[in-house]
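Here is the structure we will look at.
FYI, it's all coordinate maths here, none of it is from the lab. Not measured: the values here are computed from a predicted model. As a convention, Cβ positions derive from the backbone with ideal geometry for all residues, glycine included, and neighbour counts pool all protein chains shown.
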Amino acid sequence: MEQNVQERTHGEIMVIITALMLAMLLAALDQTIVATALPRIATDLKGINKISWVATTYLLTSAIVTPIYGKISDQIGRKKVFQFAIVIFLLGSALCGISQNMNELVIFRGLQGLGGGGLISLAMATVGDVVSPRQRGKYQGYFGAVFGVASIAGPLLGGFFTEHLSWRWIFYINIPIGIIALIAIASRLHLPANTQKHKLDYIGSILLIIGLSGTILGLTWGGITYPWSSVQIISTFIISGIAILCLIYWETKAKEPIIPLRLFKNSIFTVSSILSLLIGMIMLGTIIFLPVYQQIVRGDSPTLSGLYLLPLVVGMLISSIGSGLLITKLGKYKLFPIIGTILTGLGLWLFSHVTTTTSQLNLSLWMIVTGFGIGMFMQVVILATQNSIDTKDMGTATGLVTFFRSFGSSAGTAIFGAILISRLSSNLQKVFPSSISNKIKGSVISGFGGSSISVPKQFYHPILEAFSLAFHDVFISAIPFAVIAFLFALILQEKPLRNTTHNSHVAVTE
């Protein structure tokens, strides 16, 4: 059946876009929805010692398969691979919901991540298949809004389901939403199918998995599970580094490499990948540490601290959708990441002024500024990349740029978390004599996750001051990353947005 993807009406496109947004919502929610449910899960399944793996396993497996999904979808067709990813994700969700012990839940979360890793990148790649770059900005703005909303809504929904239904519903809720997306994609998404035979780069895939998983695990464990200078962390980074070097060498020899190194000769792809990495570091760092500040320093509940993030979401919604519409109207995109990085840096500078008495009004205004900045350039890097590469590399390039954002999120959380703990220890020594600070340091840091801090009442206010100064240092340390992002935004090449989705017409459809 012959069908030119350019002939779709706005209504037909919106049906597909809605299905893609549902799939992306599922994957984005599951990165954060378990956070508020973890204490109850650990109690019910009697596995407090494995609680961190419930979140880590999903993030790990979803990140390492993202580039692989992109490459395979370029080889055998986006629709089939997308449907496979949704089915695996739903299977993992159902098994997570019926888990009877912590080992089962950790394993099934890994399976869920194997599906979830394809949802976000394939959704963005599919937009590139059905909408021309010139018109794509307004649609991709919606995806940026979905990602921002999911980052905030995840913990809130997790808390609601855990308190009023059961923590198992944080997994069960995926099933009806995923089925709707699956049906819509099966019935309405028709894409050019690649009929050529391809050979999967198995060796490259294995090296990629070893290299990425080792790096992410090292960043996740470092300074928390093991000291940064420990044998475990150093050996993990050495092994992952060797695997990455072997991967680079192998990809120069492979007939169809899982990561075509020629993509990095494209300056737009390279700059967009770096910007995506920095976006992940700044965005997740902001979202994670603002609720921590509000819970510890201001004494807000987990639910209330999540609700207080709404100004950040509003800023992201307005700027993500608004910038997308303007890009479609103007046909230009470079200005938006430049303005976005400036606003993000300004927001981080404002947050560096937090104290124990900072008003909620000031925090809300600062969140709006930061949200405006992040929303203005979060999706532009995908648009710029897709506009600059050949259609045959659409999935691979989109998957890699998406991976860099995921990797940046993991790296940012690890780096800023380590800075927070380090500065907290230093600040405690400033506000207390060494004999007292050494005694209370362990109790303060162990209570950092939100539980009560067991110290004498007269010590409490100085401890909050130490925390406040530590958060100040975290936001100050994030500003250079925004400055670097601004510099790369300046050198991002502006290429006229195409009015077509494909370089050539392909008659065969999926």
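A few points about this structure:
- Three-way shape label, region 238-375, alpha-carbon gyration tensor, a/c 1.5: oblate
- Each of ASP300, ASP30, ASP129, ASP74 was scored by other Cβ atoms within 10 Å of its Cβ. Arranged with the fewest first, they read ASP300, ASP129, ASP74, ASP30.
- Mean Cα-pair separation over length for region 194-267, i.e. relative contact order, pairs under 8 Å, 6 or more apart, %: 42 percent
- In terms of distances greater than 25 angstrom between alpha carbons, the cross-link table entries LYS80/LYS255; LYS79/LYS495; LYS79/LYS334; LYS253/LYS392; LYS71/LYS253 yield LYS79/LYS495; LYS79/LYS334.
- A Förster distance of 25 Å, applied to the separation of the beta-carbon atoms of LYS334 and ASP390, puts the FRET efficiency at 0.70.
- Of the residues THR357, THR398, the one with the fewest other Cβ atoms within 10 Å heads the list, and the complete ranking is THR357, THR398.
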